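Below: one structure, written as structure tokens.
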Amino acid sequence: MKLSIEDVVYVADLARLEFNDDELKIYCEQLTNILDYAEKLNELDTTNTQPTAHVLPINNVLREDIVLPSLDREKALQNAPSQENGCFKVPKVID
Amino acid sequence: MEYEIVIGLEIHCELDTKSKIFCGCSTKFGSAVNTQTCPVCLGLPGVLPVLNKKVVQYATIAGLAMNCEIAEFSKMDRKNYFYPDSPKAYQVSQFDLPICKEGKVSIQGEGFNKDIGITRIHIEEDAGKLIHDAGHGTLADNNRCGVPLIEIVTEPDMRSAEEARVFAEKVKTTLEYTQVSDCKMQEGSLRFDVNLSIRPKGSSEYGTRTEMKNLNSFRSLERSIHSETKRQIKEIEKGNRIIQETRKWDDDKGISFSLRSKEEAHDYRYFPEPDLVPIVLEDKYIQQLKDSIPELPWVRVQRYMEQWNLTQTDAQTLTATKQMSDFFEKTVEYCDDPKTSSNWIIGELSALLNESDADINDVKFSPQDLGKMIKLINEKTISGSVGKTVIKAMFETGDKPDQIIKEKGLSQMNDEGAIKDIVLKVMADNPQSVEDLKNGKEKAIGFLVGQVMKASKGKANPQSVNQIIKENL
């Protein structure tokens, strides 16, 4: 399956990545190769196979509804590049 | 041209759990910013979320109460988006295998009696709160990140603002009765998104719809529907096309505006959440939850009408909240007088609550206390009008009715001897009235009874007074 440069730009945009033309060309080829490789799976007959929701054969891993201590605010914020009034500060977004 | 409005709702409801959906952080509302977070809900690398058992339970109960099919097998998925209200850059939600699907909720009102289809109910996590009014940045408070939600999605089955409001109210009551959510709208526990389109009346094709996001009151729900309907009709009549877009409602200005300019291609690239395993529910578990669902309000209304002969209006007023309805039932259980209990709760008690801007949860006395007071009236220990004084004192102090009656000396005089003394004195003081009465002027007895009541400070039993006057003519 041949990807177009536009496809790569679109996917990069969704992931907030920016590439120059050379990079776009390289990734276009690489992603095409990956998709071609995955395409092999379509050769299998999966008519009677349930879709896999999870690779582990385990269900219902649940916890009780019990409150545990949270982080101190200073600790929660310690890796934030910017903070103000006890909050994480990011460039202005308007919702 | 006459148009028909087509409305579907998405309702987000915060579940009433103590801890968050995937970690042990508290869900308490109104705490200091960023004091209820941990590596899991902050999306730090290397953490492992574990699903809260209560979330599965509450979502299942909500589904059962709305007549949904409960999925034997469901799973969580990642919905990817970049926005600073989500530190993980994705929301854990459910995509193709929601926990509940294909339900219905019936609604009644003026000119309609119909079922609203529930497309699905799924589990997901709430996002953080953004504060935009700071000078040159946006501030994120992540206390709400990971608070458990259910999202209820309806079919486009509603045809007016009224239908949408009645439906939303019924969903709220259902969630409250089943104790799945506290539904505190002022705290954002219940939020509505409205999908709305219009079409020429009689047409079976849908028009292009818009989505109005995050309405958090019934009033703004109705107002935004009226406003958006008008806007769409105006656009169409000008010959314009409706653009499929998300709009934001400004409740102060009473208008909505497009969020189109900021909207990017919505491509959430859902994929199965690798950190969480599927949810498999056994029939036995589902049946147990089904059996645990309390009697829902509309069933109660029927029962109050049939079993206790209450009017529909009274039954509906009493069942508006589970707390009020439970209070009423416990009162009846004690005094065995539904009609009188209903009158006192809807009348005097509601008036007292209104005056002090309180709700039934704030009442200091118990339903048994009210039942006791009603019994005292029925046994003629106090009169109905004295009851008003008693309930007011109960409301203010939380004291027991018999204690109040004793302290304030309010008990009705049933001592025939004592009443007789007063009656004879009143008759002696008012010979003209006695004469009139003897001459067949029935009205005169009213005056005499009034005088006796006055002399006894309202405590004499009026029937006994009547009786004694007649005996002593």
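The values are calculated or read from the model by the stated rules, or taken from the named source; none is laboratory data. All values derive from a computational prediction rather than experimental measurement. Glycine also receives a Cβ, built like all others from the backbone with ideal geometry; neighbour counts cover every protein chain displayed.
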Matching helices (runs of 4 or more DSSP H) fully within the range B:282-344 where at least 1 residues are at positive phi and under 15 Å from the mean Cα position of the chain (by Cα): none
Failed criterion for B:Lys234 (all others in (1) under 30 Å from the mean Cα position of the chain (by Cα); (2) more than 30 Å from B:Lys339 (Cβ to Cβ) hold): (1)
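Filter the range A:19-51 down to residues that are closer than 30 Å to B:Tyr83 by Cα and either exposed (fewer than 10 other Cβ atoms within 10 Å of the Cβ) or small (Gly, Ala, Ser) (or both), then give me how many there are.
Initial filter on the range A:19-51 (closer than 30 Å to B:Tyr83 by Cα): A:19-28, A:30-32, A:34-35.
Then drop every residue that is not either exposed (fewer than 10 other Cβ atoms within 10 Å of the Cβ) or small (Gly, Ala, Ser) (or both), which leaves A:20-22.
The qualifying residues number 3.
For (1) touching a strand residue (DSSP E or B) at 6+ places or on another chain (Cβ under 9 Å); (2) facing another protein chain (nearest Cβ under 8 Å), each residue gets a yes or a no:
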site	(1), (2)
B:Glu2	yes, no
B:Gly8	yes, no
B:Lys20	yes, no
B:Val47	no, no
B:Leu51	yes, yes
B:Lys54	yes, yes
B:Gln57	no, no
B:Thr60	yes, no
B:Phe73	yes, yes
Being under 27 Å from the mean Cα position of the chain (by Cα) and either surrounded by fewer than 17 Cβ atoms within 10 Å (Cβ to Cβ) or touching a residue at least 60 places away in the same chain (Cβ under 8 Å) (or both) is the requirement here; does B:Ser31 meet it? yes
Of the numbered conditions (1) more than 9 Å from chain A (Cβ to nearest Cβ); (2) touching a strand residue (DSSP E or B) at 6+ places or on another chain (Cβ under 9 Å), B:Val33 fails exactly one; give the number of that condition. (1)
Kindly list the number of the only condition in (1) touching a strand residue (DSSP E or B) at 6+ places or on another chain (Cβ under 6 Å); (2) of a type in the set (D, E, K, R); (3) part of a loop (DSSP other than H, G, I, E, B) that fails for B:Glu151. (3)
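In the range A:67-88, how many are on the phi < 0 side of the Ramachandran plot and either exposed (fewer than 12 other Cβ atoms within 10 Å of the Cβ) or part of a strand (DSSP E or B) (or both)? Give the steps one after another, and end with the answer.
So in the range A:67-88, the residues on the phi < 0 side of the Ramachandran plot come out as A:67-84, A:87-88.
Keeping just the survivors that are either exposed (fewer than 12 other Cβ atoms within 10 Å of the Cβ) or part of a strand (DSSP E or B) (or both) gives A:69, A:74, A:78-79, A:81, A:83-84, A:87-88.
Total meeting the criteria: 9.
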How many residues does the range B:166-189 contain that are assigned to a loop (DSSP other than H, G, I, E, B) and acidic (Asp, Glu)? 1
Select from the range B:136-161 the residues that are within 31 Å of the chain's Cα centre (by Cα), within 14 Å of another protein chain (Cβ to nearest Cβ) and small (Gly, Ala, Ser) and list them in ascending order. B:Ala140, B:Gly146
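Which one is nearest to the other protein chains (Cβ to nearest Cβ), of the residues in the range B:120-135 that are over 17 Å from A:Phe88 (Cβ atoms) and among the acidic types (Asp, Glu)? Even if it seems obvious, please write down each step before you answer.
Here is the first cut: in the range B:120-135, the residues over 17 Å from A:Phe88 (Cβ atoms) are B:120-125.
Within this subset, residues satisfying the condition of being among the acidic types (Asp, Glu) are B:124-125.
Details: B:Glu124: 16, B:Glu125: 14 Å.
Going through the qualifying residues, I end up with B:Glu125.
Determine whether B:Lys322 is without any contact (Cβ under 8 Å) to a residue 60 or more places away in the chain and outside the structural domain of B:Val180 (by TED's automatic domain parsing).
Numbers: without any contact (Cβ under 8 Å) to a residue 60 or more places away in the chain: no; outside the structural domain of B:Val180 (by TED's automatic domain parsing): yes.
Spelling it out, it is not the case that B:Lys322 is without any contact (Cβ under 8 Å) to a residue 60 or more places away in the chain and outside the structural domain of B:Val180 (by TED's automatic domain parsing).
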In the range A:68-95, which residue that is aliphatic (A, V, I, L, M) and at the interface with chain B (Cβ under 7 Å from one of its Cβ atoms) is farthest from the chain's Cα centre (by Cα)? A:Leu68
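Would you check if there is a residue in the range B:371-378 being assigned by TED's automatic domain parsing to the domain that holds B:Leu318 and surrounded by fewer than 15 Cβ atoms within 10 Å (Cβ to Cβ)? First the steps, then the outcome.
If we filter the range B:371-378 for residues that are assigned by TED's automatic domain parsing to the domain that holds B:Leu318, which is where we start, we get B:371-378.
Still in the list and also surrounded by fewer than 15 Cβ atoms within 10 Å (Cβ to Cβ): B:378.
Yes, the range B:371-378 contains a residue that is assigned by TED's automatic domain parsing to the domain that holds B:Leu318 and surrounded by fewer than 15 Cβ atoms within 10 Å (Cβ to Cβ).
Is the range A:32-49 home to any residue that is at the interface with another protein chain (Cβ under 8 Å from one of its Cβ atoms), of a type outside the set (Phe, Trp, Tyr) and at negative phi? Can you show your working first?
At the first step, the residues of the range A:32-49 found to be at the interface with another protein chain (Cβ under 8 Å from one of its Cβ atoms) are none.
No: the range A:32-49 contains no residue that is at the interface with another protein chain (Cβ under 8 Å from one of its Cβ atoms), of a type outside the set (Phe, Trp, Tyr) and at negative phi.
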Could you give me the residue pairs with C-beta distances under 9 Å whose first residue belongs to the range B:275-293 and is within 14 Å of chain A (Cβ to nearest Cβ), whose second residue is of a type in the set (Ser, Thr, Tyr) and part of a helix (DSSP H, G or I) wherever it lies, and which are 6+ apart or on separate chains? B:Leu281/B:Thr60; B:Tyr285/B:Thr60; B:Ile286/B:Thr60
Evaluation of B:Val153 against (1) under 25 Å from B:Glu110 (Cα atoms); (2) buried (at least 20 other Cβ atoms within 10 Å of the Cβ) (one fails), failing number: (2)
Of all residues in the range B:36-45 being more than 7 Å from every other protein chain (Cβ to nearest Cβ) and hydrophobic (A, V, I, L, M, F, W, C), the one that is surrounded by the most Cβ atoms within 10 Å (Cβ to Cβ): B:Cys41
